[in-house]
Amino acid sequence: MTTAPEPGRMDTSNAIKGRSLLDDARRRLAQNRAASVAAAILVLLVFIALIGPFLVPFGYDQVNKSDVLSAPFTHGHLLGADDLGRDLLARTLVGLRVSIAVGVVASLVALLIGVAYGAVAGYVGGRVDELMMRLVDVLYALPFIFFVIVLMVTFGRNLILLFLAIGAVEWLTMARIVRGQTLSLKRKEFIEAARAAGLSTPAILLRHIAPNLVGPVIVYVTLTIPTVILAESFLSFLGLGVQEPLTSLGTLVSEGANQMELAPWTLVVPAVAMAVLLSAFNFLGDGLRDAIDPKDR
Amino acid sequence: MGRISTLSRAVAVGVCAGILAVTAGCHKAGGRAPCPSGKLCFEATNDADPATLDPPRTSLTIEANVLSDLLIGLTDRDAAGRLSPGMAQSWSASSDGIVWTFKLRKALWSDGVPVTADDFVYTFRRLEDPKTASDYAYLFYLIKGAEAVNSGRAPLDSLGVRALDPHTVQITLTHPAPYFPEMLTHNVVLPVPRHVVERYGDSWVQPGRFVANGPYLLKSWTLGDRIVLEKNPLFYEAQKVCFDRISYYPAPDPVSAERRFKAGDFDLDIDFLARRARYLRRPDQIPKAVHTPPELADTYMTFNTHFAPFSDQRVRVALSMSTDRDFITKALTAAGEKPTYGFVPAGTANYDAMKAPVWASWPFPRRLAEARKLLSAAGYGPTHPLRFELKYPNGIDPAVAAAMQADWRSIGVFASLVAEEPQIFYQDLPVRDFQAAIAIWVADYDDALTFLNLLQSGTGGQNYGDYNNPEYDALLAQADHEPDAGKRAAILERAEALAMASANIVPLFGRVSRDLVDPRITGWVDNITAFHPKRYLCRSDAAARRAAG
Amino acid sequence: MLGFILRRILVIAPTLFVVVTATFFLMRLAPGTPFQTGRKLPPVIEKNVMRKFGMDRPLVEQYASYLEGVAHGDFGPSLKYQDKTVAQLIGEGFPKSLALGLTALTLATALGVGAGVMAALAQNRPPDYLVTSLAVAGLCVPTFVTAPLLILVFASTLGWLPSGGWGEVQNLVLPITVLALPQTAVIARLTRGGMIEALKSNFVRTARAKGLSSKAIVLRHALPAAVLPLVSYLGPACAGLITGSLVVEQIFNIPGLGRYFVVSALQRDYTVVMGVVILYSTLIMALNLVADVLYAALDPRVVLE
C-alpha cells in the first residue's frame, strides 16, 4: 500500500531500515543470556561499590574494639567484622571499589599505550614496525612480576602508581593485537581510498583505523580487567598492595586466607565478591567477542 | 555422541589411574621425612634459609638457630637460657674490669684437631678484619683496638685478644663491662677452626669441609629444601645428646608451616603467625604445643624531633597516651605480649623493668581527654589539626598501625600510614626521612645496655629520636665503671626513667617468641633469651621411636 | 622454515643482551641494598661490605665486570646466600619447578582440550554451560586461596595427602592440582573457541559433504585447526609454569625456582635477579620459537616471514 508521495519529498515511511554493525552487535549481545546477566551484575556491582559505603552504618576504617572478629549478624554487622572490629561489608564494598578502579584504570592505561603503539607500528610498517615489535619482544621476555615489583619499590605503594605499574606491563599484548588488526586493515580498500584522497597519516590513523579497532580492543580490555585485578591481588599477597586502611579485594582475600579457620567469613565474603566480579567481566567479554565478530572466535 | 563418551571415559580412567597410583604407596599420608631405623630425628622449621653459616658473616636469629647446634663459643647457655661455661670452663676479670682471662677445657674439633686458644684469637681477628666485612663487627668494638682494626687503620695483631697458652685466652677491653661474658654467647663470635679456614677461605662452610666443635656436624644443605645435621661423636658431651639427626626446613609461609606442624611433619615450628595464637590455643586445637614466653625485644614508636610538631614533648606524650596498648595486645596480637612503658624488656638480667606511668591505669577515654588537652596546649586542635605520616616496616602487623590511627583520629589527629620494605625502612630512619615510625629493637645480648645504648647522644644514625641528654650519657658512663650489679642496675634504671619521660621514643609492647613444640619433646624450657639448642632436647617416647624407625 | 628458525635463533643473543642491560640498571635504580635487614649498618661496616662485593666501584665498571663473568659462565655468588653461587641456586631449584610445571601443564592440556572439545560439540547446551562456568570459576579465584583451601580439605581434614614438602609423589599431587586448575580453564576456553570456529569453517563443511564420519571430522580435521590458538598460548604459558610459581612453592614448601623471581627482587639480590631473568628470557624466546614453528607446521596457510 502506498500513499501518493508529496511532491518534492521522499517517502521514507516504509523504507527498509538499514542495520548498522553496532545494531547487529547489540542485538547479538542481548541474545546472549550469559553476557546479558553478566552485564547486569557488573552494573549492579559498580553501583553498590559507589553508593554502598554511604549506606552502611559503619565506616570502612572505623575500628570497633568490642566487635573483634564478630560473626555475621552479630553486633550489628551484617557480614561480620574483621580482626579490628571493622565492618566486613563496608570493607568489602570499598575493596570492590578499589579493585574495579585498579582494573579499569590499569586496563585503560594499557589500552592507551597499547593502541597507540600497535597502530603506529602496524600502519607505518617496515623497519619502524620491526624495531617497535623487537622492543615488545624484549619487554615480553622480562618476567612481569619482577618488573612490577621494581616499579612498586622504586615509586612507593601509591594507588595511582599501582594503576600505572600494572598498566605499564599489560600494554604489550594489546600492542600486538592492535598491530595485527592494523596490518589487516591497512590493506583494505577504504584505507587506500583515504590515502588517495590525500589524508595525512595521523588523520588516517585517528579517523579510519582507530574506529575499526574498537571492537577487538573493547573485547580485550574487558578480558584484561580480571587479569589486572588478579595481578593486584598477587601484589597484596606479597605485601605490596594498597596501603592500610584502604583495602582491595585482593588484600581482603589474602588476610582472610590467614584467618580461615578462626573466622571463615573474612575469607568467604571477599572471595565470593571477587569471583562474581571477575566471572562477570569474563562472561561479558566473551559475549562482546561473539557479538562484535561472531566468526572471529 | 560416541565420540564424546569415549573421550570422557578416557579422561575418567586416566584420573582414576592417577589417584590409584598415588595412593598405592599409601601409609597414612605423611609429609614427614623418613628417619633411618634405630635413629631419632628432629624436624624443625626456620624462618628462611640462613644467609651463611660462617659466624662472623651472620646477623639474624635464622643463622643463630642453626649455628647453636654446630659450634660452642667461649661461654654458653643452659637449657633455661642462663649463662654457663662453654669452651671456657672458667673465667675471671682483673680488678679494674678491663682484662678478662678465659681457661679453656680440653675439647676437639670434629676432625680430631684440638680446640686451642689460637682458634679464638683467629676468630676475633677475623671478625674485625675489614676484608671479612662482618655486619656485627661493631658489637665488639669494646675490645681494645677493634675499631681501629675494623676501620683498616691498624693491623690485625693489634687486637686486644691474645693466647697466653694453648688453653688460655686473654681479652683486653676499652672499658669495664660486667656483661662481657654474656656477649660472648653471640653467634658472631662462635669459634672457627683456624686450620680449615686458612685452607679453604670463605668456602670452608660447605658440607664436607665444615668442621665443628659442637654437638652436630653439617651433613647437607639444599637451599629452599632443608639443612641436615648429624651427631658429632667427638663433642665433649656427646653422650648427653639425644637426637641423632636434626633437619631445618626454611618455611617462609608461617601458616603453611603451622599446618604441617599439626600434621606431624615437624616437631618444632618457630615464629608462627601471631594472630593465629588465639586459634591455636583453643581446646580443640593444639594448646599444649603453643609457647609464647616474652623475649628480649620491643616494639616501639619513635619520633623525628626535627619535624616541627614532634619537637614538642607534649605532643609526643599525647600520642603515647592515646595509643591503646591494652587493646592491641589483648585483642589484636593476642599472642601474650604485654604493654610496656619502659624500653628495657621485663626479664632482662640484673634489671627491674620500669613501672608503668600513672596514666597507664586510667580508663582509655580519660587518657584520650588528657591527650587532647596536651595537644591543645601545644597548639593543635580542631582549627589546627595535627597531621603526620607514620611509617612502619613490613614485619609489623598493619592492623597495629591501623588501630593507632583510628584512636588518634578520635582526638582529631590525622595520621597517614606508610608500610615500607625493611630495606628501605632501615635506610630512611637513620637519615631521618620519616616523621613518626614504628620499629622493633631486638637485644644483642642479655643486658639492659643493649637497649639503653641506643639513646646515647653519640650513637648517631640509630638514635632515631635524637635523644640528647648529657645527664643520661653521664649515667651510662658511670654504670660502665660500676662493678656491683645491683648498684649498676639502679643507675641504669634512673637513666631509663629520664629517657622515657622525654618520650623521644615510646615503647609500645614487649615481644614474645612464638613457637609450636610437639608436647612429646622433653627438655624444652621457655626462656627470655629464646635459646633452644637441640642438644638439650629429647622425646618422651624416645625408646619406642628408635625401635620403630 | 629453516631460514626462519635460524634468524630467530640469531635474534636471541642480542635480545638477551638488551634484557640483561635493562635489568641490571633497573635493579640498581630501585632504592635499597641487599645488605640491610634489620638495622642500618655503621658507615665503616657498610664500606667494608660494599668493597667486599665490588659494589663500591662505578656502576658501569660493575656492569662490564658482570658481563665478562657471564661470558665465562660465571654468574657470581648470591649476594644474600653468600655460600651459594647463582648457578647452584638455579641448578638446584629449576629441575623441581620444571617437573612440577611440566606435569601440571600436561595434565591441564589433556583435561582442557578434552573439556573444550566436549563443550564445543555441545555448544549452548548444558554440558557447554557446565564447562564454561567451571572454566570461568577456575580463573577467578587466586592460587593463594585455592592452595590453602585444598590443603584444608585434603590434608588437614581428610588427611589423604601431605600438606607440603618435597620428596614423594604424594607431596606433588596438591601443588600440581593448584597449578593445573587455572591453566585447564584457559585451555578449555581456548579449545572450545577454536573448535567452534573450526566446525563452522569451509574445510569442515567440505569434509562433512564428503560424507566423513563425525569422529573423523573432529579428530582429523577440526581438532588440528582448533588447537592453533592454543599453541600460541602454550609457548609463554609453558615458560611461566616451568620457572615456578611463588605462591605454590611458598605455600607447599617446594624448593623450586619460583620464589627467587619475587624474593630476590625484594631482597635486592642483584646477581640472583640477573640469573633468573636470563633464564626466563631465554626460555620465553625458545618456547615462542617452538610455538611459532608448531603453528606453521599445523596450519599450512601460515607463511613464516
Next on the checklist: Tell me yes or no: at least one residue of the range C:78-95 is closer than 30 Å to residue C:65 by Cα, touching a helix residue (DSSP H, G or I) at 6+ places or on another chain (Cβ under 6 Å), of a type in the set (S, T, N, Q) and touching a residue at least 60 places away in the same chain (Cβ under 8 Å).
Outcome noted: yes
Item to check | Spans of helices (runs of 4 or more DSSP H) in the range A:139-198 with at least 1 residues within 20 Å of the chain's Cα centre (by Cα) and touching a residue at least 12 places away in the same chain (Cβ under 8 Å) | outcome: A:144-155, A:159-186
Checklist entry - Quick check: anything in the range B:448-464 within 14 Å of another protein chain (Cβ to nearest Cβ), closer than 24 Å to residue B:94 by Cβ and buried (at least 19 other Cβ atoms within 10 Å of the Cβ)? => result yes
Next on the checklist: Please go through (1) more than 14 Å from every other protein chain (Cβ to nearest Cβ); (2) among the aliphatic types (A, V, I, L, M); (3) in contact with a helix residue (DSSP H, G or I) (Cβ under 9 Å, 6 or more places away or on another chain) for residue B:192 and return the number of the only condition it doesn't satisfy.
Outcome noted: (1)
Checklist entry - Any idea which of B:48, B:33, B:12, B:29 is of a type in the set (A, V, I, L, M, F, W, C), at pLDDT below 90, touching a Ser or Thr at 6+ places or on another chain (Cβ under 8 Å) and outside any strand (DSSP E or B)? => result B:33
Checklist entry - What about residue A:201, is it surrounded by fewer than 17 Cβ atoms within 10 Å (Cβ to Cβ) and within 29 Å of residue A:124 (Cα to Cα)? => result yes
Checklist entry - Which of the residues that make up the range A:143-189 are within 9 Å of another protein chain (Cβ to nearest Cβ) and of a type in the set (D, E, K, R)? => result A:157
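Residue-wise test of (1) in contact with a Phe, Trp or Tyr (Cβ under 9 Å, 6 or more places away or on another chain); (2) part of a helix (DSSP H, G or I); (3) within 30 Å of residue B:251 (Cβ to Cβ); (4) small (Gly, Ala, Ser).
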{"residue": "C:128", "(1), (2), (3), (4)": "no, yes, no, no"}
{"residue": "C:136", "(1), (2), (3), (4)": "yes, yes, no, no"}
{"residue": "C:154", "(1), (2), (3), (4)": "yes, yes, yes, no"}
{"residue": "C:165", "(1), (2), (3), (4)": "yes, no, yes, yes"}
{"residue": "C:170", "(1), (2), (3), (4)": "yes, yes, yes, no"}
{"residue": "C:174", "(1), (2), (3), (4)": "yes, yes, yes, no"}
{"residue": "C:178", "(1), (2), (3), (4)": "yes, yes, yes, no"}
Item to check | Residue in the range C:298-305 that is within 14 Å of chain B (Cβ to nearest Cβ) and not acidic (Asp, Glu) present | outcome: no
Checklist entry - Looking at residue A:259, is it away from chain C (no Cβ under 14 Å) and touching a helix residue (DSSP H, G or I) at 6+ places or on another chain (Cβ under 9 Å)? => result no
Next on the checklist: Would you confirm, using the coordinates I've provided, whether residue B:221 is aromatic (Phe, Trp, Tyr) and more than 25 Å from the chain's Cα centre (by Cα)?
Outcome noted: no
Next on the checklist: Take residues that are at the interface with another protein chain (Cβ under 8 Å from one of its Cβ atoms) and either under 27 Å from residue A:134 (Cα atoms) or under 26 Å from the mean Cα position of the chain (by Cα) (or both) and tell me which of the helices (runs of 4 or more DSSP H) falling wholly in the range C:1-72 contain 2 or more.
Outcome noted: C:2-29
Item to check | Members of the range C:2-35 that are surrounded by fewer than 18 Cβ atoms within 10 Å (Cβ to Cβ), aromatic (Phe, Trp, Tyr) and closer than 27 Å to residue C:46 by Cβ | outcome: C:25
Next on the checklist: Looking only at the range B:88-104, how many residues end up being modelled with pLDDT of 95 or more and not in a strand (DSSP E or B)?
Outcome noted: 0
Item to check | Filter pass, residue C:102 being over 30 Å from residue B:206 (Cα atoms), surrounded by fewer than 20 Cβ atoms within 10 Å (Cβ to Cβ), more than 9 Å from every other protein chain (Cβ to nearest Cβ) and touching a residue at least 40 places away in the same chain (Cβ under 8 Å) | outcome: yes
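Listed here are the residues, each with its yes/no results for (1) more than 25 Å from the chain's Cα centre (by Cα); (2) more than 25 Å from residue B:209 (Cα to Cα).
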| site | (1), (2) |
| --- | --- |
| B:86 | no, no |
| B:91 | yes, yes |
| B:107 | yes, no |
| B:110 | yes, no |
| B:120 | no, no |
| B:134 | no, no |
| B:141 | no, yes |
Checklist entry - For the subset of the range C:189-217 comprising residues that are outside any helix (DSSP H, G or I) and more than 14 Å from chain A (Cβ to nearest Cβ), which member is surrounded by the most Cβ atoms within 10 Å (Cβ to Cβ)? => result C:212
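Residue-by-condition table, conditions (1) at pLDDT 95 or above; (2) touching a Ser or Thr at 6+ places or on another chain (Cβ under 9 Å):
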position	(1), (2)
B:142	no, yes
B:153	no, no
B:157	no, no
B:168	yes, yes
B:174	no, no
B:187	no, yes
B:192	yes, yes
B:196	yes, no
Checklist outcome for this item: A careful count of residues in the range C:149-176 that are more than 7 Å from chain B (Cβ to nearest Cβ) and touching a residue at least 40 places away in the same chain (Cβ under 8 Å) gives 4
Next on the checklist: With the structure loaded, tell me whether residue C:230 is in a helix (DSSP H, G or I), away from chain B (no Cβ under 14 Å), buried (at least 21 other Cβ atoms within 10 Å of the Cβ) and touching a Gly at 6+ places or on another chain (Cβ under 6 Å) or whether it fails that test.
Outcome noted: no
Checklist entry - Does residue B:409 satisfy being surrounded by fewer than 19 Cβ atoms within 10 Å (Cβ to Cβ), more than 14 Å from chain A (Cβ to nearest Cβ) and either of a type in the set (Lys, Arg) or touching a Gly at 6+ places or on another chain (Cβ under 9 Å) (or both)? => result no
Next on the checklist: Suppose we keep only residues that are touching a residue at least 40 places away in the same chain (Cβ under 8 Å) and surrounded by fewer than 24 Cβ atoms within 10 Å (Cβ to Cβ) within the range B:83-99. Which one would you say is nearest to residue B:295 (Cα to Cα)?
Outcome noted: B:83
Item to check | Residues being crowded, with 18+ Cβ neighbours inside 10 Å and within 14 Å of another protein chain (Cβ to nearest Cβ) - total across the range A:103-128 | outcome: 1
Item to check | Set A:272, A:217, A:268: member being assigned to a helix (DSSP H, G or I), closer than 26 Å to residue A:79 by Cβ and in contact (Cβ under 8 Å) with a residue 12 or more places away in the chain | outcome: A:268
Checklist outcome for this item: The number of residues in the range C:218-271 that are out of contact with any Lys or Arg (no Cβ under 6 Å at 6 or more places or on another chain), charged (D, E, K, R) and either without any contact (Cβ under 8 Å) to a residue 60 or more places away in the chain or closer than 30 Å to residue C:155 by Cα (or both) is 2
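The values are calculated or read from the model by the stated rules, or taken from the named source; none is laboratory data. The structure presented is a predicted model; accordingly, all values stated were derived computationally and were not measured. A quick note on method: Cβ atoms are made from the backbone with ideal geometry, for glycine too, and the neighbour counts reach across all protein chains shown.
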